[in-house]
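*Asks:* Sending over a structure as structure tokens; questions will come in a sec.
Each reported figure results from applying straightforward, stated rules to the coordinates on display, with no laboratory input. Since this is a predicted model, take the numbers as computed values, not measurements. In this analysis, Cβ positions are derived from the backbone assuming ideal geometry, glycine residues included, and neighbour counts consider all displayed protein chains.
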Amino acid sequence: MTSPSNHSKPSSSRLQIIIRSSTWASYEVILTLMPVLIWIFIIAFSTPTPQISLEFPAFSFFCVSIWAACLRETPRAFNGGSPVQDKFERECSMTISILGFVTSLICLVFSAQKSTGLIQNLWGPFTLTVGIAGGLGIIYLFTLISIKIQRTEYGHYQTPDKKQNNKTTK
């Protein structure tokens, strides 16, 4: 009989890995958005009749914050697998993150101009754009963090060569 090594991680089921990485990713997404959530909370409860809509600058700032976090997480998430595939995934992810960031930044500029009175009305699909940018950003950041956690904590997506090297070094 062989005794298990102290260095080896216990075998986790696929469901446990998904639940753990999802919990960790949810925590990181909420932590990333905490300043904006506090800002929205304070504005909402500081006036007797809050009139908050997606035209409010906090929501555009919320989107900018999410997409900036996606830019931060992209290099961390796509690391440790096949170098060619990781490079391709990083480049695609950075392109998506930059597009989301720029779209959110444009929305923030227009929202700030409306709140200062420089422009009277925003274009028709502005609130839809902010809503979609925020929703997609949250989903994308959640996915990036989950991939990063599954790669770093559980060794998923490693090439056979790297798995073999990890076994010999333990």
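Residue-by-condition table, conditions (1) touching a strand residue (DSSP E or B) at 6+ places or on another chain (Cβ under 6 Å); (2) of a type in the set (Lys, Arg); (3) touching a residue at least 60 places away in the same chain (Cβ under 8 Å); (4) assigned to a loop (DSSP other than H, G, I, E, B):
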| position | (1), (2), (3), (4) |
| --- | --- |
| Gln85 | no, no, no, no |
| Arg90 | no, yes, no, no |
| Ile98 | no, no, no, no |
| Phe101 | no, no, no, no |
| Ile106 | no, no, no, no |
| Gln120 | no, no, no, yes |
| Gly137 | no, no, yes, no |
| Leu141 | no, no, yes, no |
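*Asks:* If I filter segment 35-51 for residues that are of a type in the set (S, T, N, Q), at negative phi and surrounded by 11 or more Cβ atoms within 10 Å (Cβ to Cβ), do I get at least one hit?
*Replies:* no
*Asks:* Still on this structure, I have one more. Return the residue satisfying two criteria in turn: it lies in segment 61-84 and is closer than 12 Å to Leu33 by Cα and among the aliphatic types (A, V, I, L, M), and of such residues it is surrounded by the most Cβ atoms within 10 Å (Cβ to Cβ).
*Replies:* Filtering first and then ranking leaves Ile66.
*Asks:* Continuing with the same structure: Go through (1) farther than 25 Å from Phe126 by Cα; (2) not in a helix (DSSP H, G or I) one by one and return the number of the condition Glu55 breaks.
*Replies:* The number of the failed condition is (1).
*Asks:* Those residues that are within 17 Å of Ala69 (Cβ to Cβ) and not β-branched (Val, Ile, Thr), I need them from segment 120-156; list them, please.
*Replies:* Scanning segment 120-156 gives Ala133, Gly134, Gly135, Leu136, Gly137, Tyr140, Leu141, Phe142, Leu144, Ser146, Lys148.
*Asks:* Still on this structure: Check off (1) over 18 Å from Met34 (Cα atoms); (2) crowded, with 19+ Cβ neighbours inside 10 Å; (3) under 16 Å from the mean Cα position of the chain (by Cα); (4) of a type in the set (A, V, I, L, M, F, W, C) for Phe110 and give me the number that stays unchecked.
*Replies:* Result: Phe110 fails condition (3) only.
*Asks:* Please verify whether segment 47-65 includes one or more residues that are touching a Gly at 6+ places or on another chain (Cβ under 7 Å) and of a type in the set (Gly, Ala, Ser).
*Replies:* no
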